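*Asks:* If you scroll down you'll find the structure; I have some questions about it.
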Amino acid sequence: MSEEIRRVKRELAYHGTVVDVYKDYMEFENGGTEVWDYIHHNGAAAVIPVLDDGRILMVTQYRNALDRHTLEIPAGKLDFPEEPGIDCASRELEEETGYKSDHLEWLLTLRTTVALCNERIELFVARNLKPSKQKLDEGEYVTVKAYTLEELKEKIYAGKIEDSKTVSAILAYADKYVK
């Protein structure tokens, strides 16, 4: 922490199934104080599943925070804070799409909301997809469809894909792998 800002107390306000919400009591070099919200998240991983023909498998699922369905890359939270992101991405690939891959490659790591949350998502690219079986969690309803990269970029720039991990992953994949 910097010298001009220091946290003097952290108080748990809410313990949830995915996040914990805290009140952070802050003091500033000029003598001022404030209470800041802090959301703790154990982390997640996501994957861009690329079919042999270059199309990308995407999932559509209901998101309660937005009260609507969203189009996203497969993703999920880490089972425990130290779980390797590649293990989580591999598991989520099969659970959500019904495909496995023996070739996952790290693409990038992002922080979703740095102003108030520590969530960290590792993004991977999966190739050599092999059909398996979808293994959805109870209460998870996911549809899977393949799209071309151009279709996905059009959806991003038309505002039809707003999910930050998906936007970041698709555009980074396009920049790194498709020239």
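The values are calculated or read from the model by the stated rules, or taken from the named source; none is laboratory data. Only a predicted model underlies this, so the values are computations on that prediction, with no experimental measurement involved. Positions of Cβ are generated from backbone atoms using ideal geometry, with glycine treated the same way; all protein chains shown enter the neighbour counts. In case anyone asks, the SASA skips ligands and DNA or RNA and just uses the protein heavy atoms, side chains included. Shrake-Rupley method; radii C 1.70, N 1.55, O 1.52, S 1.80 Å.
*Asks:* How far apart, in nanometres, would the label points at Tyr141 and Arg127 be if each is projected 7 angstrom from Cα along the Cα-to-Cβ direction?
*Replies:* 3.7 nm
*Asks:* If you bin the C-alpha pair distances of the chain every 5 Å from 0, what whole percents do you get?
*Replies:* 1, 8, 15, 18, 18, 13, 9, 7, 6, 4, 1, 0, 0
*Asks:* Using a 1.4 Å probe and ignoring any ligands, DNA or RNA, find the accessible area of Tyr177 and quote it in Å² to the nearest 10.
*Replies:* 70 Å²
*Asks:* Which net charge results for the neighbourhood of Glu4, defined as the other residues with beta-carbon distances under 11 angstrom from its beta-carbon, given Lys and Arg at +1 and Asp and Glu at -1?
*Replies:* -2
*Asks:* Moving to a separate point now. How much of the accessible area of segment 69-140, in percent, comes from carbon and sulfur atoms when a 1.4 Å probe is used?
*Replies:* On segment 69-140, the fraction of accessible area on carbon and sulfur atoms equals 49 percent.
*Asks:* Still on this model: Let me know the number of lysine pairs in the chain closer than 12 Å at the Cα, not counting same-chain pairs under 8 apart.
*Replies:* Close lysine pairs under the 12 Å cut-off: 4.
*Asks:* Further question on the same structure: What do you get for the angle between helix 85-97 and the principal long axis of the chain? Use alpha-carbon atoms, 0 to 90 degrees, nearest ten.
*Replies:* Here the helix axis deviates by roughly 50 degrees.
*Asks:* Using the heavy atoms of the protein chains alone and a 1.4 angstrom probe, what is the accessible area of segment 1-159 per residue in square angstrom?
*Replies:* 60 Å²
*Asks:* Would any residue of segment 30-47 have its amide N under 18 Å from a label point 7 Å out along Cα→Cβ of Val114? List them or say none.
*Replies:* Correct set: 37-41, 43-44.
*Asks:* Just to be sure I understand the model, the point goes 7 Å from the Cα along the line to the Cβ. What's the resulting Val178 to Glu162 distance in nm?
*Replies:* Output for this residue pair reads 2.4 nm.
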